[in-house]
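Structure first, commentary second.
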Amino acid sequence: MKRTQQFFSLSQRALYALFLSLCISVSPVVAADATQAQSSIGSELEDIKSQVIQLNRDLFILEEDLLFPASTQIAVFVSVDVGRFFTLDSVELKINNQDVAGFLYTQRQRRALEKGGIQKLYMGNLKTGQHQLTAIFTGIDAEGRTIQRAVNHPFEKTDETIMVELKLEDSESSYRADVSVEEWVL
């Protein structure tokens, strides 16, 4: 019995040594295969990632179409021309005498608007028919006083998307800022 146990222990040691030598001789091949497998998995993950990003874009577009169908959609934008006579501080937007949007500007946001940027202030839905848009701009004039400029704009909503741009423009003739409204129908 002792001889059998010694034989097995010798056999097990021999098998273990043989296993180690095989592992050492095969390890470069296994390492190469593992590297190829990792790069293959990496490229598959990149493909999946790009597909998820594309799917996310598609879902965002579908969500926008669902929440804001073109037949009821209205978008209101703000732009500023120069800003010498009026430094924009905030804007309040009402549609049909209901507050729908408001924004308080930072110095960086003001500069972006003064350099030609346009801000989407509001996006929503309206029934077809007559509506009233009221915008109140609060800011500082050239002498440092707090002032407000407001505009009322009646418009008709049809089955088309409507876009309204509120332009805060300097008037050289009156030395003050005025608000004008430009309406686009897509």
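The values are calculated or read from the model by the stated rules, or taken from the named source; none is laboratory data. Everything quoted here is computed from the prediction, not taken from an experiment. All Cβ positions, glycine included, derive from the backbone under ideal geometry; neighbour counts span all protein chains shown. Remember, those area values only see protein heavy atoms, side chains included, never the ligands or the DNA or RNA. Shrake-Rupley method; radii C 1.70, N 1.55, O 1.52, S 1.80 Å.
For residue 49 and residue 180 in the same chain, what is the full-extension length gain: residue separation times 0.36 nm, less their Cα-Cα distance, in nm?
Values: separation 131, 0.36 × 131 = 47.16 nm, distance 4.55 nm.
Gain in length upon complete extension: 42.6 nm.
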Search the structure for amide H atoms under 5 Å from the amide H of residue 126, placed 1.01 Å from N in the peptide plane, and list their residues when 5 or more places away or on another chain.
73, 74
For region 84-186, what value does the Rg/Rh ratio take when both radii are computed over Cα atoms and Rh is the Kirkwood radius, given to two decimals?
0.98
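Which order do the peptides 102-110, 133-141 come out in when sorted by mean C-beta neighbours inside 10 angstrom, highest first? Spell out each step's value before the answer.
Details: 102-110: 12.4, 133-141: 18.8.
Descending packing order for the listed peptides: 133-141, 102-110.
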Under a Cβ-only charge scheme (Lys and Arg +1, Asp and Glu -1), can you give me the dipole magnitude of region 35-173 about the Cα centre, in debye to the nearest 20?
400
In region 44-186, lysine pairs 8 or more places apart or on different chains with C-alpha atoms under 28 Å apart total 11
Counting heavy atoms of the protein chains only and a 1.4 Å probe, report the per residue accessible area for region 95-186 as a whole number of Å².
61
